[in-house]
Amino acid sequence: MKTYLLAWNPKRWQWDNIVQMSNDVKIGNTVLDRWSSGVSKRPQKGDRFFLIRLGKEPKGIFASGKIMRDTFEDLHWDEEKSSLGETTNYVEIGYDVLLNPDTDTILPRELLNVPPLSDMHWDTQMSGVQILDNVATELEILWASFTNSTIFSFPEEVDTTQEEIFEGAVHRISVNSYERNPEARRKCIEHYGAICQVCNFDFEKFYGEIGKGFIHVHHLKQISEIGETYQVDPIQDLRPVCPNCHAIIHKRKPPYTIEEVKDF
């Protein structure tokens, strides 16, 4: 499996139905789409993709998923070029994450400037560029941590008066001023490993490659107590925990400590 970068520039194309599509993905619906791969015919069914927003702020990674169909040719997405009979290459894609950059916090472009992520030219003018394997591995880890913190956080951890949560679910569609810093999460996992500090569960050992780097990160200090100037210490303030243990930690207010849940 290879990983490809697809690009969206809202200055060149207006994505009119992104709100509905993003909401559908967040509640677990299957959402298929097609995206231009430019001149590239290399992306194939089963490959992985990330979608980056460029051209205007906010810039960064905001979607991911799998390529569902081999590259195919069709009329160009640009109406003027299409009217002249020009064509381009496309891939059919299925989203596992689709954030709406107008309302959701996306993975900032600046975070991609850190090695080895900086080995990739992210400000591409075309879609369908292959991401180097070592870069793709690092991006998967960062993306898993980021989406875990911004989409699948426990509502007990956030101030629900400052953000919206889908009824009957825990999917966040906006973030409050105490939004988690993905770089802090990365440093925490780099220090402790992607292993639950309560029960020692390792997703990669149990599920294989698909579980690599997946873990929740728990704030030892309650988010509601954190002020705007609070500086997170990734080693002292954060701990990796599996979703089960994380849920038990928040069965009480104030939350149970990691030591208490270990005793359970």
Considering the range 1-12 alone, what residues qualify as being closer than 17 Å to Lys66 by Cα and part of a loop (DSSP other than H, G, I, E, B)?
Met1, Lys2
Qualifying residue in the range 87-94 (condition: surrounded by fewer than 22 Cβ atoms within 10 Å (Cβ to Cβ), out of contact with any strand residue (DSSP E or B) (no Cβ under 9 Å at 6 or more places or on another chain) and not basic (Lys, Arg))
no
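Listed here are the residues, each with its yes/no results for (1) in the same structural domain as Met68 (by TED's automatic domain parsing); (2) surrounded by fewer than 16 Cβ atoms within 10 Å (Cβ to Cβ); (3) of a type outside the set (Lys, Arg).
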position	(1), (2), (3)
Arg12	yes, yes, no
Ser22	yes, no, yes
Asn29	yes, yes, yes
Ser40	yes, no, yes
Residue hits (the range 64-103; out of contact with any Ser or Thr (no Cβ under 6 Å at 6 or more places or on another chain) and assigned to a loop (DSSP other than H, G, I, E, B)) are Asp78, Leu84, Gly85, Glu86, Leu99, Pro101, Asp102
Inside the range 45-65, the number of residues satisfying the requirement of being touching a Pro at 6+ places or on another chain (Cβ under 7 Å) and surrounded by fewer than 19 Cβ atoms within 10 Å (Cβ to Cβ) is 3
Criterion first (in contact with a Lys or Arg (Cβ under 8 Å, 6 or more places away or on another chain), of a type in the set (D, E, K, R) and either more than 27 Å from Thr30 (Cβ to Cβ) or not assigned by TED's automatic domain parsing to the domain that holds Thr30 (or both)) does Lys81 satisfy it?
no
Flagged in the range 13-39 as touching an Asp or Glu at 6+ places or on another chain (Cβ under 8 Å), under 17 Å from Ile52 (Cβ atoms) and part of a loop (DSSP other than H, G, I, E, B), in numbering order, are Trp13
Do any residues in the range 15-28 that are in contact (Cβ under 8 Å) with a residue 12 or more places away in the chain and more than 10 Å from Asn100 (Cα to Cα) have Cβ atoms under 6 Å from those of residues that are aromatic (Phe, Trp, Tyr) and not in a helix (DSSP H, G or I), where the two are at least six apart or on different chains, and which pairs are they?
Val25/Tyr95
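The values are calculated or read from the model by the stated rules, or taken from the named source; none is laboratory data. Only a predicted model underlies this, so the values are computations on that prediction, with no experimental measurement involved. All Cβ positions, even for glycine, are placed from backbone atoms using ideal geometry, and neighbour counts span all protein chains on display.
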